[in-house]
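Quick notes on the structure that follows.
Each value in this text was obtained by applying a stated rule to the coordinates, not by laboratory testing. What you see is a predicted model, and the numbers here were worked out from it, not measured in a lab. Counting neighbours? That spans all protein chains shown, and the Cβs are built from the backbone with ideal geometry, glycine included.
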Amino acid sequence: MTLNRRKFLAVTAAAVPHLPKTLSADLGKVKLSKTVADVFVPLQAGSVTIGGWLGSRMDACMNRRVMAQNIGRLVAPFMERNNGTWGSEYWGKWFTSTAFGYLYEPSAEHKGKIDEAVRALLVTQSPDGQITGFDPSQQFGQNWDIWGRKYVLVGLMAHYDATGDAQSLKAAQRAADAIVERAEKGMIIGERCLPEFRGVQSTSILAKFAMLYARTGEERYRKTAELIVKQWDMPNQIARKPLRLMTDALLNKPPAEIWSRKCYESLANYEGLLKLCRATRDRRYFEAVSVYCKNVLDQKRMIHGSASNNEEWFYGAKNQTGVLEQPSRLA
């Protein structure tokens, strides 16, 4: 099926519940052990081709930008482990786009690209399972280490979901287990981030543990995800008071008044609650996200669509002024 711009929205809305519950034919190999049923199910990958001007721009972006990336540069932080800042997020963020590109156009060339990217990453995995951009003296410190590890898990699970390659899931488990083992011994994940983030930077890995639990049924991932949520209500070394992301959301507290107002990282934590809801069927997680997002839309969003001031929530709906993050201005 070929779409032009006028039909695009209509077709994307046609992802109805009676369709097969897979993202692609390859996903027949991927079984989610415990999930909440989707209300809408995406169309199977490759079943829609977007034409016209929009389609040509998408094709150009995918083939000349996404698929053209230098894999060596993306895995360099993991090879060098030179304690960079957020450079270890790049591989995972890029890879999710690449995996979506493959699913949209599942050619042999695109399959080769995503397989090559995973092989290059796994060369850097140490015997104890770690894939990190930091040397041993800085690992699990108050830095970007866990943030980068999160995006490693994102990419590896994206490869598994797109191809059914069990090796990628196993590698993700080994990488995650390096964190789980330390959390079981008392490491507080919310303390392993830059102090100014108050914990949300590192606890945003919550979603990846929920996703691993859904894909493997291994209880240690569920327990780690639930431990992160529990620790939101506990003080730690870098926050003067608990984050209370779920508790305060359920109490209808405005996002701008919850202890961490950092938009991107906070939303990543609430995404984790949604993943945990799907994996455990505990609707309290869904209810917290629903209240939080409704308050963002009602209280924070300005007329141009943004809801942040210097990357933090503020009362944009009332004030209609704010300094956007640089990428937002460029967009």
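With neighbours defined as other Cβ atoms within 10 Å of a residue's Cβ, the residues 293, 193, 277 order from fewest to most as 293, 277, 193. Around the amide H of residue 143, modelled in the peptide plane, lie the amide H atoms of 193, 194, all under 5 Å away and 5 or more residues distant in sequence or on another chain.
Put in order of Cβ neighbour count within 10 Å, fewest first, the listed residues 53, 232 become 53, 232.
Counting other beta carbons within 10 Å of each residue's own, what order do 140, 209, 40, 95 fall into, fewest first?
40, 140, 95, 209
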